[in-house]
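Trainee: The structure under discussion is supplied below as structure tokens; questions concerning it will follow.
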Amino acid sequence: MRFIAVFGSLVTVVMGLVVFVAARRWASLDSGARWITVGIGVFFAWALISVSAIALGARTRVVQEIPSLLGTVLFLRGFADWQPKARQRRIVLWGLALFVVLWVIAQILQGLSDQFSTVSGPIHAMMVTAAAGFTLINRVQVTDDRWTAQLWFWVSIGFMLDYGTLTVLDPLWENIFGLRNDLVLAAYVFHLVFSLFGYVLLLRGFSGVPSPRQPTTVSR
């Protein structure tokens, strides 16, 4: 349990660093990066609030649903702005609308008693993973510069690591909880490791964005 607490705290710290670095470079960020920064800020705020919620014995699954909805909508809006073509942007925006509809349906199906987001959790993770992968593929096809010099590259890869593992593991936790809690803990640690690595990649990406006080070098 101490191992989980340590890794969970590390993920929260790195997430906070991403928000801090992105906020300092706000003037240099494009619209997609700004939407995604605010989305990360929502999940960072939730991570801080959840500590108190758990300490007070609150049902964190129910409390988590609103920031999950808001943060995911912000992420998808950001990925939509990163699409190089109007048709691709519309696809992501339709995916955003679909997510909202599915989220509402999920709340009806789940009710208030479930400990895990057995419906909305996997949907949220799947939509973010799909949008990140869709963005990576589309931008790679039209980008002649080094991919590793682009913020969308690091954000897409980082989110695919984080939310990709969550897509698989979220249903697993529900199915084996109470039967093999050792596997639940192992799966959760596995996700935390990938989540930490994913946010380190995001931190690398946002750190590479020029500060507003630093002039951008223009190649001739």
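Every read-out reported here was derived from the displayed coordinates using simple, explicitly stated rules and does not represent laboratory data. A quick note: this is a predicted structure, and the numbers were derived from the prediction, not measured. Cβ atoms come from the backbone with ideal geometry, glycine included; neighbour counts cover every protein chain shown.
Trainee: Distance in nm between label sites at Arg90 and Val6, each 7 Å beyond Cα in the beta-carbon direction?
Mentor: So the two model labels end up 5.2 nm from each other.
Trainee: Would you mind ranking Ser120, Ser50 so that the residue whose beta carbon has the fewest other beta carbons within 10 Å leads the list?
Mentor: Lowest count first: Ser50, Ser120.
Trainee: Still on this structure, I have one more. Quickly rank 24-30, 147-153 as a protection proxy: mean count of other C-beta atoms within 10 Å, highest first.
Mentor: Ranking, from highest mean packing down: 147-153, 24-30.
Trainee: In what order do Ser156, Ser31, Ser68 fall by count of nearby beta-carbon atoms within 10 Å, going from fewest to most?
Mentor: Ser31, Ser68, Ser156
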